Structures are given as C-alpha cells and as structure tokens.
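Q: This is the structure I have questions about; it appears just below.
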Amino acid sequence: MLEQAQDEEQIITRVAGLDIGKASLVCCARVPDEAKPGRRLQEVRTYPTMTRSLIGLAERLAALGVTRVVMEATSDYWKPVFYLLEAHGFEVWLVNARDVKHLPGRPKTDKLDAVWLCKVAERQMIRPSFVPPAPIRMLRDLTRYRVDLIAEAGAERNRAEKLLEDAQIKLSVVVSDLFGTSGRAMMAALIAGQRDPHTLAELARSSLRRKIPALQEALTGHFTDHHAFLLGKMITRIEQVEADIREVDARIEAQLAPFAPAAARLLEIPGVGPAAAPLTSPTSPPPTGITPATAPARWPYSASPDDFAGAVGHHHGQPVPDTATGARIRQTCQRSGQPSSGFVHGDSRCVGHGRDQR
C-alpha cells in the first residue's frame, strides 16, 4: 500500500550563486517571496570585479538577507571575491566545478550558469571545498613561493653547468657540488679573468685538494670573456635567489610560530625535516572519527610515532616488506632512533611505525 510521505524539501532560504570571470561576475540571488508563500524571487546582476563593485555586491547581498554565497573555483579569480565576502560575514562556499558539471541540465551561458549554481546550492546538492583560514593561507603562499625560488635557483645552476660544458670546463666531473665553497671560488676566479688551470686548481678546499691533478685537467678549456659575462650574470642571479630564500625562510619561521607544536610532532616522522614540516603542517583538524590509522594516505595528520602503534593489521596499514625498499625504510627508522619495524601507511611516501610483525 502506498502511503503519503511527510518529507519536506530542505532548501537554503536565502542564497546567492556567483559565476566569476576575470573582469566581471554574474550574481544570482534567490530569496523567498513574502507576498506568495512557497514561491521564490531571484535577482541576476553583473558586477565588475573591482574592489568598490565587490563591496557594492556585499552590501546588496546583505540587504537581501543572503546567508550563503556559492562560487566555482575559477582559476585564481575567485580568491578576492571569496576573501571580501568572507570578511563581510557571509558563509562562503567554494565548490569544485566538476561537482556542478556532472549534474544534468547545466546551461552554457554565464548568466544561466549563475542561476543554475544558485538553484543547485539552495537545494544543497553540492558540497564545499576546504579553504584554509587566513594564517594557513599566508603560510601556504610562503612555502609555495619558496618551492618556486628553489626551482629557479636550480634552473640557473643548470644553465651555469651547461655554460661551463660549452667552454670545455669539466669541473662538475670532479667536483660533486659545483656550487660549494671550492666550486664557487674557481668560478669567481674564471669570471675575474684567471685562466691558468694550475692557479684555479689551488683554490680547492678541504678533501678536494686530493683531486688537484684531476682539477687541473678539468679546468683546461677555452673559457672566453663571453663565457665570463654570462657566468657572472648567472652567479649573481643565483646569489640573489639564495638571499630571497633565506628571507622567505625567516618569514616562514615567524608564520609557523603558532603551529610550532604540530610542526615539532611532524619532525618525529623519518624523512621530514625542518624544510618539509611547514609544507605538511595540518591545515585543519581531521573530521570526527578520523584517527591516524583511518586517515587517508594524503591527509596532513600531525601525529607522533606512538599514535601509529596499533595501526598494523588495519586494512590501511601494510607491514614493511622484505625487499630493498623495506630495508631502506628500516634503516631510516634505525638512524632516527625509532623501532626498526614499521608499516607503510596507505602511501609509500608516508612512513609510520608499528609493532613487529615478523
């Protein structure tokens, strides 16, 4: 027998959807019709993405009583809109365009996109993406910029090495670190005009002095003023980037101060050093019920090795295999003073510790 269901449609009463572009955005706001209960009113307007216009958008949404604003993650264009509306006290949702795209019936124009997003949001058919709070956003910006600077310095070092190869200076064959103390001293002398391989080889320091005959051979080439000009520019650029990295490191250390306990616990994980800890610091607490043993492999969970003690045997944990890789993992654990037995938690790059299964 069919029975009448008592389900009530759960909708967000006052909601807005934004379709954001570089120069402008389309806003669709939907609110109840006070004159006709059960009916909805909507307003669709286009706003420039300049600050004054966005403030006007926030004031208009506040006047309409909108409580939730939903937008798609479009390039980086969503960020200023998100941050401004967040600062004005709105509940702002950033949604993955893939989640909206997979819903049938999506239109193709910007205006209809905003209306569609608003309708989907008011019926709670989409979920928000995690956007970290401002302190974590700033820390993340710094760590990402540091990665870019390191890549830039590495690219310049590669150019310098290729330039030396072009001049038949085979210094990198003998010197393990071309940009160590000895290597930099020899390159500085080359830039200054010194071409005698015997004189250049005498600039070697420490254990590298045992390789002076090989250095003399490696420094015999056809290094010209053209090479000196280019190498000088490259070395200058490398030094500038290295100075920038030091300044960013100092800034990261200052920004990381409120999260020092979490960063300190991350340092207990073998393979995670001071430079990697800020990159893996937790951006939010795990959801209720998530533990170190049940967290996803890529969840940035800050935990001590003891937290993983009972995780072996769980379907997410695997004993360290008796392979070359497993031997390296056990060796790393031994060097760090941790138990030599352990397990690989979900992802082979995330190494935890567990009870001995052998």
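The values are calculated or read from the model by the stated rules, or taken from the named source; none is laboratory data. Quantities reported herein were computed from a predicted structural model and do not represent experimental measurements. Note: ideal-geometry Cβ built from the backbone for every residue, glycine included; neighbour counts use all protein chains shown. Each accessible area value is taken on the protein alone, full model and side chains, heavy atoms only, with ligands, DNA and RNA left out. Shrake-Rupley method; radii C 1.70, N 1.55, O 1.52, S 1.80 Å.
Q: Given the options 168, 194, name the one that is exposed (fewer than 15 other Cβ atoms within 10 Å of the Cβ), not in a helix (DSSP H, G or I) and not hydrophobic (A, V, I, L, M, F, W, C). Talk me through it step by step, then tell me what you get.
A: On the way: 194 fails: exposed (fewer than 15 other Cβ atoms within 10 Å of the Cβ).
On inspection, the qualifying residue turns out to be 168.
Q: Across region 111-130, which residue is surrounded by the most Cβ atoms within 10 Å (Cβ to Cβ) among those that are assigned to a helix (DSSP H, G or I) and touching a Leu at 6+ places or on another chain (Cβ under 9 Å)? Explain how you work it out, then say what you get.
A: Going through region 111-130, the residues assigned to a helix (DSSP H, G or I) turn out to be 111-122.
Applying the additional criterion that residues be touching a Leu at 6+ places or on another chain (Cβ under 9 Å) yields 114, 116-118, 120.
Values: 114: 28, 116: 20, 117: 26, 118: 26, 120: 20.
If we take residues in region 111-130 being assigned to a helix (DSSP H, G or I) and touching a Leu at 6+ places or on another chain (Cβ under 9 Å), then 114 is surrounded by the most Cβ atoms within 10 Å (Cβ to Cβ).
Q: If you go through region 181-191, how many residues are more than 15 Å from residue 223 (Cβ to Cβ) and open to solvent by less than 20 Å² (accessible area, probe 1.4 Å)?
A: Residues that pass the stated criteria total 1.
Q: Only one of (1) of a type outside the set (A, V, I, L, M, F, W, C); (2) open to solvent by less than 80 Å² (accessible area, probe 1.4 Å); (3) in contact (Cβ under 8 Å) with a residue 40 or more places away in the chain fails for residue 154. Which number is that?
A: (3)
Q: Could I ask something else about it? Collect the residues in region 233-248 that are crowded, with 16+ Cβ neighbours inside 10 Å and either free of Cβ contacts under 8 Å to residues at least 40 places away in the same chain or of a type outside the set (A, V, I, L, M) (or both), keeping them in residue-number order.
A: Correct list: 237 only.
Q: I'm trying to understand the selection: among the residues of region 206-227, which are among the small types (Gly, Ala, Ser) and either crowded, with 18+ Cβ neighbours inside 10 Å or free of Cβ contacts under 8 Å to residues at least 24 places away in the same chain (or both)? Steps first, please.
A: Kept after step one, since they are among the small types (Gly, Ala, Ser), are these residues of region 206-227: 206-207, 214, 218, 221.
Listed by number, the residues that qualify are 207, 218, 221.
Q: Right, another one. Output the residue which, of all residues in region 55-90 that are at pLDDT below 90 and of a type in the set (Asp, Glu), is least open to solvent (accessible area, probe 1.4 Å).
A: Checking each candidate, the answer is 72.
Q: Checking residue 52 against (1) modelled with pLDDT under 90; (2) within 26 Å of residue 132 (Cα to Cα), which test does it fail?
A: If we test residue 52 against (1) modelled with pLDDT under 90; (2) within 26 Å of residue 132 (Cα to Cα), just (1) comes out false.
Q: Follow-up. Can you list residue pairs whose Cβ atoms sit under 9 Å apart, with the first residue in region 75-87 being touching a residue at least 24 places away in the same chain (Cβ under 8 Å) and over 14 Å from residue 19 (Cβ atoms) and the second being among the polar types (S, T, N, Q) and in a helix (DSSP H, G or I)? Count only pairs 6 or more apart in sequence or on different chains.
A: Pairs that qualify, where the first residue is touching a residue at least 24 places away in the same chain (Cβ under 8 Å) and over 14 Å from residue 19 (Cβ atoms) and the partner is among the polar types (S, T, N, Q) and in a helix (DSSP H, G or I), are 80/51; 84/51.
Q: On to the next question. For region 30-42, does any single residue satisfy the condition of being open to solvent by less than 30 Å² (accessible area, probe 1.4 Å), in a strand (DSSP E or B) and either in contact (Cβ under 8 Å) with a residue 24 or more places away in the chain or more than 23 Å from residue 96 (Cβ to Cβ) (or both)?
A: yes
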